[in-house]
Amino acid sequence: MLIEKIHFLAGNGPVNVYDAFRLMTTEVILQLAFGRSGGLIEEDQNGFRSWFLEGFDAAAKSIPDLQYQPWLRKLINIIPQTLVYKLSPEIGNLLDIMKFAEGSVRQWQKSESRPDHPVVFEALETVNDAEKVTEAMDILIAGADTTASTLTTGLIHILTDSEIERRLLEEVDLLPTDENGQLSFQALEKSAYLVGHPIGYYASRAIEVLTRFAQNATVKEALRVGMAVPGRLPRVVPDSLTEPFIVDGKVVPPGTTVSISAYTMHTATSIWGPDARKFRPDRWIGPQSKGLEQYFCTFSKGARMCIGQNLAPAEIIIALAYLLRNFKMSLRSKSDIGAKTDRFTLQYGDPGLQVTFKPRY
Ligand code: HEM
């Protein structure tokens, strides 16, 4: 749907793919969390604006306040909602998204048809409706914008380095396609059976390419450099430890708040070398890359690390593969790229990312 819409818009000038990516990743999460579509990609005929993004952008401005002023979170649960809208329209936008989540829970409960993919609600049969809404909101807010901003960062680096783009195109053009020239994972499965072996030559070649693409160093590097959650993620050293908690030879007492930040980790020249800030996919290729894995903390580390750490790269890989296969993309100038702001998650300001698309076929 996204590719079709970009085809439709391509003749009218640059397209804001940051917004396009945000709608795509939101739709993925809506399916996963609520088992429904929000009709967001179709909403604006002339581009990718949507009520959801307007609301999300306004609400995002209130995230630092809500994060650092815990009393504010308590207050909005106590005072009437009409007052919340008056006092802070930004937090009001967050309530609108919450209402959308509540409506989705009701719709899910009333509907008799069920989608043919897993939905988070199914695993939450035992919890009450309020908790269902909270869980669904968590996934919606944690999973959509983060993946889209990483895709945006990745695409910027691909389009500003012709060698990276050339190597990716080489891989993408080898992927299996259906009769319409579109990437087809079903076609790949079918061809494996057609040749009478579990996996025929072409299929195994395609799987090899696909796997290489799936583990693609470019996607990994987009996740490292993009680090959609760049800031500190606090944890408190528990009282219940049986042995002292030691970091770098020093005992950290129970009750101490400790944290890591992807920004500090991913820009450390002692780990990545003098070109730590450079987008260089090749650092993930070869035996030396294994040692780097331990310092990669885009999805955090430990018990509370991201539950979307497999889903996000899958979305990024599929979106990039489809875009590269279908279009010659270009940026006109640096002013086509919005400034980045850290609001707990990383966001691109206006004009998002303006990309010019020319169909390849
Ligand atoms: C590139 C994309 C993504 C990045 C960079 C990212 C990053 C993170 C990070 C750093 C955390 C830990 C937060 C903390 O310690 O306080 C986290 C948690 C979480 N993420 Fe993601 N995430 C991404 C995509 C997703 C997706 C697609 C989903 C949806 C399934 C998702 C759902 C969650 C949830 C529910 C948590 C909370 C887990 C918990 O507290 O146990 N994330 N994410």
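The values are calculated or read from the model by the stated rules, or taken from the named source; none is laboratory data. These numbers were taken from a predicted model, which means no experiment stands behind them. Ideal geometry is used to build each Cβ from the backbone, glycine not excepted, and the neighbour counts take in all protein chains shown.
Could you tell me whether the stretch 4-19 includes any residue that is touching a helix residue (DSSP H, G or I) at 6+ places or on another chain (Cβ under 6 Å), within 16 Å of the ligand (Cβ to nearest atom) and modelled with pLDDT of 90 or more?
yes
Right, residue 147: surrounded by 19 or more Cβ atoms within 10 Å (Cβ to Cβ), more than 9 Å from the ligand (Cβ to nearest atom), within 20 Å of residue 352 (Cβ to Cβ) and within 18 Å of the chain's Cα centre (by Cα) or not? Full working, then the answer.
On the way: surrounded by 19 or more Cβ atoms within 10 Å (Cβ to Cβ): yes; more than 9 Å from the ligand (Cβ to nearest atom): no; within 20 Å of residue 352 (Cβ to Cβ): yes; within 18 Å of the chain's Cα centre (by Cα): yes.
No.
So for the stretch 24-46 (the condition being more than 28 Å from residue 112 (Cβ to Cβ) and of a type in the set (Asp, Glu)), does at least one residue qualify?
Yes, the stretch 24-46 contains a residue that is more than 28 Å from residue 112 (Cβ to Cβ) and of a type in the set (Asp, Glu).
Just give me the residues in the stretch 10-28 being surrounded by fewer than 20 Cβ atoms within 10 Å (Cβ to Cβ) and either part of a loop (DSSP other than H, G, I, E, B) or free of Cβ contacts under 8 Å to residues at least 40 places away in the same chain (or both), in sequence order.
Correct list: 11, 12, 13, 14.
Suppose we keep only residues that are in contact (Cβ under 8 Å) with a residue 40 or more places away in the chain and among the hydroxyl-bearing types (Ser, Thr, Tyr) within the stretch 300-358. Which one would you say is surrounded by the most Cβ atoms within 10 Å (Cβ to Cβ)?
In this case the residue turns out to be 348.
Return the total of residues in the stretch 273-299 being away from the ligand (no atom under 16 Å from the Cβ), surrounded by 14 or more Cβ atoms within 10 Å (Cβ to Cβ) and over 22 Å from residue 164 (Cβ atoms).
0
Are any residues in the stretch 135-179 under 15 Å from residue 318 (Cβ atoms), of a type in the set (Ser, Thr, Tyr) and assigned to a helix (DSSP H, G or I), and if so, which ones?
Residues satisfying the conditions are 147, 150.
Would you say residue 104 is in a loop (DSSP other than H, G, I, E, B) and over 25 Å from residue 361 (Cβ atoms)?
Judged against the criteria, residue 104 is not a match.
Go through (1) within 23 Å of the chain's Cα centre (by Cα); (2) modelled with pLDDT of 85 or more; (3) assigned to a helix (DSSP H, G or I); (4) under 24 Å from residue 308 (Cβ atoms) and name the single condition residue 42 misses.
Answer for residue 42: the failing condition is (4).
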